[in-house]
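Student: Starting off with a structure, shown below.
Here, each number is a calculation from the coordinates, and none is a lab measurement. Fair warning: this is a prediction, and the values are worked out from it, not measured in the lab. No Cβ is skipped: glycine too gets one built from the backbone with ideal geometry, and neighbour counts run over all protein chains shown.
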Amino acid sequence: MSKKNSVMLMAAFAAMCFLSPSLSLAQTNEPKAFSPKIKTPNTSQELSEQPEIKKSNLVREREAEEKEANDAALRASSPRQLRQHGLGVGLGQTFLMGNYGKYGDDKITADLFYSYAASYSFDLLVNAHMSEHKNDNERMKVMGLATSIKGRFVEYDNLSPYFLGGLGFYAPRAKRVNDQGKAKWSDQKVTFGANFGAGVDLRLNEHYVVGVLGQMHWPFKVQQDNQSDLKGYYFKMLITGMYLF
C-alpha cells in the first residue's frame, strides 16, 4: 500500500471518530414524543357511590310525595274560601218569652239564611223568619229580617264554633183579648231590634255545611195608639244547613 492511500484511510478513520459522538449527542437531545396521561376511572369507587345517589333520589321523591299529601290534607281540612256566598235553612223550636209568651205557644218553625264570607274569621249572616203562634183566642205573630256578624273564635279541623250579634228590623203583632172580651190585633208597625247567639258549624265538603244555632231576637217596644204597647222577645234553637257557592 502506498503512502498516499495510508494517509486517506487515517483521515477517514479520524472523521468517523469525530462524527459518531455528534450523532449520539443529537439523538440524545432529540425531544421526546408527548404522551398524555389518561386518567382511568376508579370503577370500584363509582360503583360504591351509585347506591348513595339512588338513595338520595328516593328520599327526595318521598319527601315531595309527603309534602303534596300534606298540602292536599290541609286543603281538605281547611277549605274555607273568601268572597263565598251561602244559602240555607234552619229548622227548630221558637220559644216566645216575656209578654210574647202570653199570646202564643212555642212551636216548630223554619228560617231562611244568607251568608257571605268576608274574611277567614268573620261572615255576614242574614236571617229572615215569620211564624204565627196560637193560644186559645189569642195570637202572636213574629216577623223579622236580622243581620249579624258571625265570628269564629277557634277551629277544630272542619268543626267551627262561633258567636254572632247584630241588628235588624222586626214587625211583631199580637191578637189580644181586651177588657170587653173581644180579640183585636195590634197595630202593624216595623221596629228596630237586636239579636245575638252562638252555634257550631260542621263543614262536610267545600259546598255543604250543617250545624246548630241558638239565637235570641229582641225587638224594641212597639208603641200602640189605642192599646198597651207590645214588647217581648223570643229565642230560636235551630238545626241549620247551608249550601256554599
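Student: Would you tally the net charge around Leu244, using a Cβ to Cβ cut-off of less than 10 Å, leaving Leu244 out, and scoring K and R as +1, D and E as -1? It would help to have the intermediate numbers written out before the result.
Tutor: Numbers: positive: Arg80, Arg203; negative: Glu206.
With Lys, Arg at +1 and Asp, Glu at -1, the net is +1.
Student: Further, regarding this structure: Given the options Pro219, Val177, Tyr162, identify the residue whose Cα lies farthest towards the positive end of the charge dipole of the range 85-244 (+1 on Cβ of Lys, Arg; -1 on Cβ of Asp, Glu).
Tutor: Sorting the options by dipole projection puts first Val177.
Student: Still on this structure: So which of Lys67/Lys150; Lys134/Lys221; Lys182/Lys221 end up more than 26 Å apart, counting from Cα to Cα?
Tutor: Violating the 26 Å Cα-Cα cut-off are Lys67/Lys150.
Student: What are the extents of the Cα atoms of the range 85-244 along their three principal axes, in Å, largest first?
Tutor: 61, 25, 21
Student: When the Kirkwood radius is taken over all Cα pairs of the range 157-209, what Stokes-Einstein diffusion coefficient follows at 37 °C and 0.692 mPa s, in µm²/s?
Tutor: Using the Kirkwood radius from Cα pairs, D works out to 218 µm²/s.
Student: Hey, another quick one. Mind computing the radius of gyration and Dmax over the alpha-carbon atoms of the range 191-245? Å is fine for both.
Tutor: Just the Cα atoms of the range 191-245 yield Rg and Dmax of 16.7, 54 Å.
Student: Same structure again: Just how large is the dipole of the range 85-244 about the Cα centre, in debye to the nearest 20, putting +1 at every Lys and Arg Cβ and -1 at every Asp and Glu Cβ?
Tutor: Using only the charged Cβ atoms, the result is roughly 560 debye.
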